[in-house]
Every structure is written in C-alpha cells, then in structure tokens.
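The values are calculated or read from the model by the stated rules, or taken from the named source; none is laboratory data. Predicted model, so just to flag it, every value in this text is computed and none were measured. Every residue, glycine among them, receives a Cβ derived from its backbone with ideal geometry; neighbour counts consider all protein chains shown.
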Amino acid sequence: MKRVHLSSGKPIGIGIAVLCIAAATLLGMHVAHEDNAHPSSDSGVIDAEVVHIATTVGGRLVELPVHVNQHVHKGDLLYRLDPEPYELTVRQAEANLALARAEVENQKRLVAVKTANSVVAQDQTTRAQTNRDLAARTVERLSPLASHAYIPWQQYDQARVALHDAEVSLRQANQQSAAAQIAIGDLKSSLAAEAANQAALDHARYELRQTVVVAPTDGYVASLQVLSGEILAPSQVLFTLIADDAWFAIANIREVNLSVIRPGDCATVYSMIDRNASIRGHVESIGWGVLSADTAGIARALPIVPREMDWVHVAQRFPVRVKLDHADPALLRLGATATVEIRHGAACR
Amino acid sequence: MSRPSPLSATPFLLLAGCSTDTAPSFSLAGAYFPDWMLCAMFGVASAVGLRVIFVVTKIDSILRFRLFTYSALGVIVALSIWLIWFGP
C-alpha cells in the first residue's frame with residue numbers, strides 16, 4: 001500500500017486546495033449578502049379586492065342576467081328581486097301620508113273655529129265688564145238716596161244683588177275667555193304625524209330601490225351557483241365579485257429582510273400561470289401584524305405560556321403587499337401562485 | 001457578516017447579460033421547486049465531472065485534500081450559476 005505523506009511534497013496541490021476553499025468561502029459570503037439585500041419569495045399569491053354581493057332587503061330572485069366567471073362593468077345590472085311587496089309598501093306609505101296631510105287640513109279648520117270662539121269669549125268679557133260697571137254705578141247712586149229713605153230699601157237691595165250678579169258673570173266670562181284661548185291649540189301633533197309618514201314613505205321607496213342590485217365596480221363574477229327563483233334573506237350573499245381594477249401580489253418575507261424593503265420599491269412578480277412573463281409592480285405596504293401562536297389566547301383569560309426550552313427560533317414572516325402596475329389579464333387569477341422578487345428581477349432592470 | 005469588497009463582484013457584473021427573464025421557480029409534475037435546488041444539483045454534477053476530467057488529464061495527481069478541493073469547486077460552480085442566472 002502506498003504511503004500518503006501529508007506534510008511533504010506537492011506544495012502546488014495544497015496551494016490549489018487553499019485557493020479553491022477561499023474562493024468558495026468568499027463567493028458564498030457574496031451570494032449570502034446579495035440574497036439578503038434582495039428579498040424574494042416563491043410562495044406568494046396573486047390577490048385582488050372582492051365585494052360580497054348582497055342587498056339589504058330579501059325576496060324572490062326574479063332576474064339574474066349574469067353568469068359565473070362573467071366580466072361585468074361598474075353599474076351593470078347584477079340581479080333583481082321581486083319588487084311587488086315593496087311597491088305595495090310604498091303605496092301603503094303614500095296612503096298613510098295622504099291621511100296625515102288630510103289630518104293637518106282638518107286640524108287647521110279646527111284651530112280656526114276655536115280661534116273664533118276665543119274672540120266671542122273675549123267680547124263676552126267686555127260685555128260682562130260693562131254690565132258690572134253699570135251695576136256698580138247704580139249702587140253708588142242709590143246708596144245716599146236709600147240712607148235718607150228717599151227710595152224704598154227694597155230697590156237699593158235689588159241694585160246690590162244686580163251688582164253681585166254682574167261680578168259673578170264677569171268672573172265667569174273671564175274664565176271662559178281664558179279657557180277658549182287655551183283650547184285653540186296648534187298643528188304640532190298633526191305636522192309631526194305628517195313628517196313621520198313622509199319618512200316611512202321615503203324608507204319604503206329606499207327599500208324598493210334596493211331590490212335592484214348593480215355592480216359596484218368592474219370585476220368578475222365568482223361562486224355564483226343559483227338561478228332566478230331563489231329566495232334570498234336580507235343581507236344574504238349571492239356571489240362574490242372580484243374587482244379587477246387593481247391587482248396585488250402578497251409575498252411573505254422573513255422579518256430579517258424587512259429592513260431593506262421600503263414602500264415604493266420596484267418588484268418583479270411572476271404569476272406561475274406563465275412563468276416566463278414578468279410583471280412589474282411596486283411595494284405598496286408591509287403588514288403591520290400577524291397572529292402569533294405564542295400570543296394567541298382566549299380574550300379576558302390568562303396568557304397561555306407553554307413550558308419549553310427551545311434554542312432555535314424560526315423567523316416570523318410578514319405579508320408584503322405588491323401592487324401590480326400593468327399585467328395581462330390572463331395571468332391574473334385570485335389565489336394563483338406568484339414568485340415575487342423585491343428590488344430586482346427582469347422588470348426592475 | 002462583513003460586506004465583500006466591490007472587486008469581488010466585478011467578474012459577475014460582466015455576466016449580468018446572461019440573466020434569465022423567467023421565474024426563479026420550476027414546475028415539475030405539478031410541484032414548484034426553488035432555483036437553488038437546481039444550482040445545487042449542477043454543483044454536485046460539476047464536481048463529479050471535474051474529478052473525471054482531472055483524473056483523465058492527470059491533473060488529479062498533483063492535487064491534495066481532494067475531497068475539500070472538489071467540494072469547493074462544486075460550491076463555486078453552483079454559486080456562480082445562481083449569480084449568473086438568478087442573481088439580482
């Protein structure tokens with residue numbers, strides 16, 4: 001067997017070995033630095049905003065001109081509920097409002113009558129006052145004559161009774177006048193009833209308008225599985241509309257790489273539907289929070305802290321939201337796998 | 001980790017034109033594999049290939065610490081491919 005000498009001979013071989021190892025180490029450090037400075041993720045997803053299409057009223061679905069996976073424009077009719085119950089409610093509310101308005105007219109006439117009665121009562125007061133003054137003057141004139149017995153005492157007594165009568169009549173007239181004044185009243189209650197009925201009519205008309213549902217934005221119809229004839233409860237979601245005016249890629253980036261990412265940074269996104277087509281985008285925002293298993297617990301209870309002794313901790317990842325600038329619509333499907341390269345890649349050169 | 005000197009990147013800048021315009025992720029039978037996995041396989045293959053070439057050309061006989069030398073050569077090839085094809 002050939003003996004191997006480690007310490008002697010072939011110094012050029014040792015030199016080559018040292019050179020190769022040093023080059024590999026330097027290259028490894030360079031690649032690690034480059035990789036950290038240019039974060040990327042191959043587990044991103046294509047994302048878009050969605051609207052769960054529902055209406056605040058319920059009823060039978062009578063018209064459904066859209067079908068699943070169809071593209072719709074903002075303002076297009078999506079579906080229509082049977083408007084008849086809501087039309088009947090509107091008619092009922094209209095009738096109630098007419099009733100309330102008639103009641104206002106009625107109340108106006110009643111107030112006019114009571115106002116006239118009050119004027120009459122006021123005049124009665126004036127008459128009673130005049131009569132009482134006359135009776136008082138009569139008693140005043142007869143008093144010296146009666147004391148000298150120029151007139152019968154009976155006549156003087158009658159005059160005093162007449163004065164007392166007149167005073168009672170005046171008091172009654174005053175009270176009647178005050179009562180008539182109070183009885184006039186006003187239109188407040190009937191006007192309030194009119195306003196309440198007007199509001200009820202407006203609400204009924206609003207509900208009638210809600211039986212027609214139009215697209216709130218441009219987008220694609222998704223997960224529509226029913227035909228017209230279906231009965232919908234109020235606020236029941238019929239399908240989901242995927243808005244196509246803005247598309248995003250969500251990339252989960254490790255926290256150690258987040259410090260080099262700034263909103264506005266260029267990003268290259270590949271939808272794996274076609275891995276040869278790069279899509280240019282820019283970082284819109286970085287998620288401010290994720291639910292951590294260590295802090296998850298029942299609200300209002302004590303924190304759950306497992307007993308453990310772990311030395312290696314896996315880095316947390318945060319979702320980085322990349323807004324796509326322009327892309328072929330064929331590449332954009334919500335939930336598609338995406339590869340995201342931040343601050344590098346074909347689209348950022 | 002210290003930042004490598006700017007000179008260390010110079011040879012690779014010359015190769016920047018070779019960068020691919022495709023996603024750094026490969027589809028194989030419905031699963032996606034990362035780019036570095038391909039680079040690692042190239043590295044292993046090139047280390048074996050270099051060993052064969054060096055034995056045939058008798059260069060192997062002047063080498064010492066062959067396991068470390070061939071491993072380092074494989075690492076250099078793998079990292080270079082990554083830098084040229086997928087590097088920023």
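Residue-by-condition table, conditions (1) within 30 Å of A:Leu227 (Cβ to Cβ); (2) within 7 Å of chain B (Cβ to nearest Cβ); (3) modelled with pLDDT under 90:
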{"position": "A:Thr25", "(1), (2), (3)": "no, no, no"}
{"position": "A:Met29", "(1), (2), (3)": "no, yes, no"}
{"position": "A:Ala32", "(1), (2), (3)": "no, yes, no"}
{"position": "A:Ser41", "(1), (2), (3)": "no, no, no"}
{"position": "A:Gly44", "(1), (2), (3)": "no, no, no"}
{"position": "A:Ala48", "(1), (2), (3)": "yes, no, no"}
{"position": "A:His52", "(1), (2), (3)": "yes, no, no"}
{"position": "A:Thr56", "(1), (2), (3)": "yes, no, no"}
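Does at least one position in the stretch A:321-328 carry a residue that is in a loop (DSSP other than H, G, I, E, B), more than 14 Å from every other protein chain (Cβ to nearest Cβ), more than 30 Å from B:Ala31 (Cβ to Cβ) and more than 34 Å from the chain's Cα centre (by Cα)? No, there is no match, as no residue in the stretch A:321-328 is in a loop (DSSP other than H, G, I, E, B), more than 14 Å from every other protein chain (Cβ to nearest Cβ), more than 30 Å from B:Ala31 (Cβ to Cβ) and more than 34 Å from the chain's Cα centre (by Cα). Selection over the stretch A:238-257 of residues that are surrounded by fewer than 19 Cβ atoms within 10 Å (Cβ to Cβ) and either modelled with pLDDT under 95 or over 27 Å from A:Pro83 (Cα atoms) (or both) gives a count of 9.
Would the stretch B:38-46 turn up any residue that is at pLDDT 85 or above, surrounded by 13 or more Cβ atoms within 10 Å (Cβ to Cβ), over 11 Å from the mean Cα position of the chain (by Cα) and not aliphatic (A, V, I, L, M)? There is no residue in the stretch B:38-46 that is at pLDDT 85 or above, surrounded by 13 or more Cβ atoms within 10 Å (Cβ to Cβ), over 11 Å from the mean Cα position of the chain (by Cα) and not aliphatic (A, V, I, L, M). When A:Phe248 is tested against (1) in contact with a Leu (Cβ under 7 Å, 6 or more places away or on another chain); (2) more than 15 Å from A:Gly59 (Cβ to Cβ); (3) outside any strand (DSSP E or B), exactly one condition is not met: (3).
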